[in-house]
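Step one of this worksheet: look at the structure below.
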Amino acid sequence: KALGIRGRNMAEFKVPLLPQKKSSGEVCDVGTPCEQPDKQSEEHRAENDAQVRSEVEGENNSQGEANCEAKRQPEIPPLPYREPAWSGLPEEPSTLEVIKNGALLNEINLDAKEFFVFGRLPTCDVVLDHPSISRYHAVLQYRSSEKSPNENATNLSTSGFYLYDLASTHGTVINKERIRARTYYRIRVGHVMKFGGSTRLFLLQSGGRGQDEVEREAEEEMKEVLDERKRKEEMREQERRHVEEMRARVVDEGISWGMSNEAEEEAEHQFHLGPREPEIDEDAYYNRDPKKALNHYFEEEGCV
């Protein structure tokens, strides 16, 4: 009986309906059906979905194009140069005049940086498009301090600009002389630089220097050249004296290796080239046949 009552109660029990939201935002009453959504709202929602989908696809396409472009671009190698400890900004205004076929093309201001990179890559400070130019060709470095550098250098005793070739393929030229790679060379006012097979010339100019200072630097440079020439002459003289001393020592010890004058004279007496001609007694030959002797004499003299 209890089970029958319980079954009847379960049959009469109904599951309550949960409130549902209308398209306008109002809550439906319990037991009443909600209104159907508006067609315009559905079209608006579809347009929004299509717009969002197109934006997502556009972002994906742009990202894919950027990735493809990054893959197509070659990787730029790092600069094979380490800025030295004595590097610094120029203490006075300086410029580089770019000259081609005798005409001034451009002027490069050198006051903004400690060093300038010359090369073919677009990341270089001075870009040269000639095929003989290396990707990183050379560096124009300014020295401001008086510290003694550890790098290999030539005349690195005063402040100023120095040119450093980065082991380029076709080399670097200063005043028509090719310089060694990875070595600092002093660049003074009026010096001309040339890179690879390019016809462009780079002339160093300084706006803050007077004529007296330029002349004094030229005199110092000439003095250095003369000292270097004198040092080479002294080395040649020492080598010449050393050779003479060795020759004198060899002669004193009696070692001639058959090259002395006595040995040459003995060789001349001992060895003869060809058979020796027999000696002829001219008087006996004339007395034996005077006519034949006269005919032979006239034949030799060309009188016949």
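Please treat every number below as a calculation from the coordinates, not as lab data. Keep in mind it's a predicted model, so treat the numbers as computed, not measured. Reconstructed Cβ throughout: ideal geometry from the backbone, glycine too, with neighbour counts over all protein chains shown.
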Next item on the list: Go through Lys113/Lys176; Lys100/Lys223; Lys113/Lys194; Lys100/Lys232 and tell me which ones have a Cα-Cα distance over 30 Å in this structure.
Entry: Lys100/Lys223; Lys100/Lys232
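Once you have the Cα-Cα distance between Leu79 and Val189, take 0.36 nm times their residue separation minus that, and quote the gain in nm to one decimal. Spell out each step's value before the answer.
Values: separation 110, 0.36 × 110 = 39.60 nm, distance 2.72 nm.
Result for the pair: 36.9 nm of gain on full extension.
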Next item on the list: Tell me the label-point distance for the pair Arg45, Glu234, using the 7 Å Cα-to-Cβ offset, in nm and rounded to one decimal.
Entry: 10.0 nm
Item checked: Packing-based order for 185-194, 238-247, 93-102, using average beta carbon neighbours within 10 Å, highest first -> 185-194, 93-102, 238-247
Next item on the list: First select every other residue whose beta carbon is under 12 angstrom from the beta carbon of Ile179; then total the charges, Lys and Arg +1, Asp and Glu -1.
Entry: +4
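Once you list every other residue whose beta carbon is under 9 Å from the beta carbon of Ser87, what net charge do they have if Lys and Arg are +1 and Asp and Glu are -1? Please list the in-between numbers first.
On the way: positive: Arg143; negative: Glu83, Glu114.
So the environment of Ser87 carries a net charge of -1.
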